[in-house]
């Protein structure tokens, strides 16, 4: 039987490298990989439905599921995860404590980005700051003119301004035209302007305490496969899950080999041990069951922040066959 040729769009990660170099094969699939930046992947996937299998923004995916018009169905492979305590940058000359953010102007590239959902969740759970307490300024981080990739309809009490068409959020933060910035990438003035710094003086310690308290390791991106393909090939979601999860396991095992570091980062062995001590041996779990606290928290915050007009349930996110994988 001939294999199914599929286009697969994803980032270039250690956890997918064994798929790229064919050390791990996807049962029944002849993959055509496209290694792209997440912004390009998400835009092309949601606007043009260009890929058969795609890395997807968890926030954009949840938004489309809530609207009932998502072209993809999820596979519980989590392509990107990150604690977003490092995503909040402030003018230290005017933001002396988190409470000072209330009533201030905070830049962001898109309201609906997964990183921003998690950052706003942290502001609420740690400091009681609600989205309506801030005026959000939308624009490009270092290139002007960025807009929301998906249409969002927010409550009237959530206040927005747009950055000037020729200006950037980094330049506005540098000059002091905005008081803070939230986003998945650092503004270019960070590290150059001494008045611009992280909100959390020690974001690593804050993230570790957050995990101890909540058991949440924030998910940014998941894997999605076009719905019509799943209808035609019901075996496909499980085949994808098994291959991507195997590749991730191989990457973590290789990363932990101390004989010769596999990445150019000092103190790697110590950091791996610290992560396993805090989060367990499989500190980057795939599958629904080990990620229930994280998924449930995200869906609740996504709805509370006005993005999903109804609260999406975990049971709506993934192909039905993938919920039973822990029993195989």
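No value in this document is a laboratory result; all are computed from the given coordinates. In this text the structure is predicted, and so the values were computed from the model without any measurement. Methodologically, a virtual Cβ is constructed for each residue, glycine included, from the backbone with ideal geometry; neighbour enumeration extends over all protein chains shown.
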Along Cα→Cβ, 7 Å out, is where each label goes; now give me the distance between the ones at residue 300 and residue 132 in nm to one decimal. 2.0
Roughly how many whole Å is it from the C-alpha centroid of region 30-51 to that of region 74-92? 20
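How do 253, 316 rank when sorted from fewest to most other Cβ atoms within 10 Å of their own Cβ?
Numbers: 253 9, 316 14.
In order of increasing Cβ crowding within 10 Å: 253, 316.
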Using Cα springs under 10 Å in a Gaussian network model of the chain, which residue among 220, 250, 79 shows the largest mean-square fluctuation? 250
Connecting every pair of Cα atoms under 10 Å apart in the chain and solving the GNM, the largest mean-square fluctuation among 276, 20, 208 falls on 276
When the label point is put 7 Å from the Cα of residue 3 along its Cα-to-beta-carbon vector, which residues of region 239-267 have a backbone N closer than 18 Å? 239-248
Counting only C-alpha contacts under 8 Å and six or more residues apart, can you give the relative contact order of region 84-214 as a whole percent? 37
Suppose a student asked you for the relative contact order of the chain, using Cα pairs under 8 Å spaced at least 6 residues apart; what percent would you report? 26
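Taking the Cβ of each residue in 118, 136, 198, 235 as the centre, tally the other Cβ atoms inside 10 Å and list the residues starting with the fewest.
Numbers: 118 29, 136 20, 198 17, 235 12.
If I rank by nearby Cβ atoms, fewest first, I get 235, 198, 136, 118.
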Cα→Cβ-extended label distance, 7 Å offset, between residue 212 and residue 281, nm: 2.4
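Can you give the % of DSSP beta bridges in the chain that are antiparallel, to the nearest 5?
On the way: 17 of 37 bridges.
Among the beta bridges of the chain, antiparallel pairing accounts for roughly 45 percent.
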Using alpha carbons only, how many angstrom separate the centre of region 94-113 from the centre of region 128-191? 9
Taking only Cα atoms and a 10 Å spring cutoff, compute GNM fluctuations for the chain and point out the largest among 76, 109, 201. 201
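Where does each of 307, 169 land when they are ranked from fewest to most other beta-carbon atoms within 10 angstrom? All intermediate terms of the calculation are to be shown ahead of the outcome.
Details: 307 23, 169 30.
Listing 307, 169 from fewest to most nearby Cβ atoms yields 307, 169.
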Let me have the relative contact order for region 133-188, percent, based on Cα pairs under 8 Å that are six or more residues apart. 39
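For region 84-214, what does the alpha-carbon gyration tensor say about shape, rounded, prolate or oblate, given a ≥ b ≥ c as the root eigenvalues, a/c under 1.5 as rounded, and a/b over b/c as prolate? Please report the intermediate quantities before stating the final value.
Values: a/c = 1.57, a/b = 1.19, b/c = 1.32.
Oblate.
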